[in-house]
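Have a look at the structure below before the remarks.
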Amino acid sequence: MKIALVHYNVNRIANEPGNKTVMKHFGHMPNIQLLYVAAVLEQIGVEIVYYDMVGMRMDESALSVALKRFCPDIIALSVYTSHFHQAKSFAVFFKELLPEVRILFGGVHMSIFPEETLRHCPVVDYGCVGEAEMVLPEFIRRLKANESLVGLLGLVWREGDRIHYSGPAPKNMDLDATPFPARHLVPNEVYFNFISTYRNYTVFNSSRGCPYPCIFCEAAQTRWRARSAENVVAEFEQCYEQHGIREVDIFDSSFTVEKQRVFDICQLLITKGLHKKMVWNVRSTLKMMNEELLEALREAGCYRIFYGVESGNEEILQGLRKPVKIERAERIIKKTAELGISTFGYFLIGAPGETPETARQTIDFAKRLPLDFAIFNTLVAFPETELYRKHYLPHTQNDFWADYLSQPKEVNDFMGRPWTTMGDNEMKQLCHSAMNEFYFRPVQIWRALRSVRSVDQVRRYAYAGVDMLKDYILRHVFH
């Protein structure tokens with residue numbers, strides 16, 4: 001059995017948040033989900049190749065040559081709903097290139113639209129619904145033995161004109177038993193994000209799920225499961241010793257859900273001396289952070305914390321199900337900065353109840369905080385979120401994301417925000433203004449420069465700053 005895993009490049013669509021200039025310079029990060037798939041497949045003896053089209057600088061021609069040489073039985077892709085049509089285009093391309101190959105889709109998208117995906121993308125043969133380690137070992141065993149796939153939880157598959165699906169796979173409750181991502185398959189030295197210090201950088205998950213009820217997040221109130229401190233630190237060690245990685249970006253929805261686990265991880269990193277060899281950062285809710293945690297994180301080498309601040313208006317925060325007092329948010333972020341940990345704030349424009357006045361409160365609040373970095377995004381209703389179910393669907397005549405899948409090709413129409421009277425252009429302009437107001441201040445330029453630790457960072461900041469300045473001039477001088 002031979003399987004090729006492809007991390008394809010994607011183009012942004014209308015219904016995604018994000019400032020165009022920021023996204024242009026955002027960087028390129030490893031697809032950690034697909035690297036977990038690779039590790040699971042290697043563990044069960046499957047012969048695999050992994051192609052990261054951007055990281056390995058492969059265009060479709062180079063990818064075609066590589067795939068024909070390897071001649072896989074299956075090509076696997078990780079899919080996001082917003083990029084479904086791009087994944088579909090690659091699947092068609094692969095089938096035309098290798099008519100006998102079977103296509104496997106995975107990713108969060110498959111858990112939301114398992115049967116619909118195969119219905120609207122006839123070239124896809126299989127879909128993995130759930131976590132790879134809970135589905136793929138039995139799937140591969142049955143394929144090799146030429147056994148029936150009937151009853152296999154977590155698999156949706158095509159048999160002639162029929163689509164079969166027995167339901168989702170159970171969740172993995174023993175994450176320590178899962179192999180570490182197969183980072184030996186990728187060029188770790190080329191990965192970075194816009195504000196990372198080093199290019200020998202990786203993305204990391206120490207837990208799965210999220211207990212918090214934010215209405216805009218697909219992971220909200222999903223079963224939270226965590227790896228042990230020993231297992232997490234063992235992966236840090238492997239990253240450093242085997243792959244030369246110097247920066248770890250922990251992408252957990254919130255790293256600080258269980259405080260004792262955080263303390264244990266920090267202590268182990270110090271005991272093993274990794275706190276002096278690597279830098280790392282985390283995401284945390286303001287609600288769970290306190291001074292004791294901050295001090296432990298700093299001592300263990302954590303040099304940046306990403307906070308989901310979202311708004312400077314408490315009524316808006318209540319509506320988003322983020323009941324954090326403005327005073328607490330300000331106090332925690334100030335304390336983080338005082339301890340020498342770099343701070344990054346996420347902010348949203350366009351929440352239910354948003355007005356130009358509340359948006360202005362958010363922008364002013366962000367400018368008042370001692371944040372090294374901030375990003376202002378427009379709020380988008382993604383499938384399976386409370387925002388979509390309760391604030392979008394009841395006020396529209398169509399199920400936007402279901403209809404989006406059914407289109408023969410990508411339609412880049414804006415889906416709208418029926419929960420507010422503010423227009424999309426107005427919100428985008430507010431986000432652009434917020435970015436410019438936030439960054440083009442002497443204090444902010446000083447904060448950004450103060451956080452610099454490498455020449456590569458200086459270069460990235462300079463390029464991004466020039467582009468932001470060009471955008472500002474075009475919008476405000478020649479408008």
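What's the number of the only condition in (1) in contact with a Ser or Thr (Cβ under 8 Å, 6 or more places away or on another chain); (2) surrounded by fewer than 23 Cβ atoms within 10 Å (Cβ to Cβ) that I265 fails to meet?
It fails just one condition, (2).
Does L371 satisfy the criteria of being modelled with pLDDT of 95 or more, of a type in the set (A, V, I, L, M, F, W, C) and in contact with a Ser or Thr (Cβ under 8 Å, 6 or more places away or on another chain)? Give the derivation first.
On the way: modelled with pLDDT of 95 or more: yes; of a type in the set (A, V, I, L, M, F, W, C): yes; in contact with a Ser or Thr (Cβ under 8 Å, 6 or more places away or on another chain): yes.
Yes; evaluated as a whole, the condition is true for this residue.
Within the stretch 335-374, which residues are under 18 Å from N15 (Cβ atoms) and β-branched (V, I, T)?
I349
Condition check: in a helix (DSSP H, G or I), in contact with a Leu (Cβ under 9 Å, 6 or more places away or on another chain), without any contact (Cβ under 8 Å) to a residue 40 or more places away in the chain and of a type in the set (A, V, I, L, M). Does V233 satisfy that?
Criteria not met by V233.
The values are calculated or read from the model by the stated rules, or taken from the named source; none is laboratory data. All values derive from a computational prediction rather than experimental measurement. Here Cβ is always computed from backbone atoms with ideal geometry, including for glycine, and neighbour counts include all displayed protein chains.
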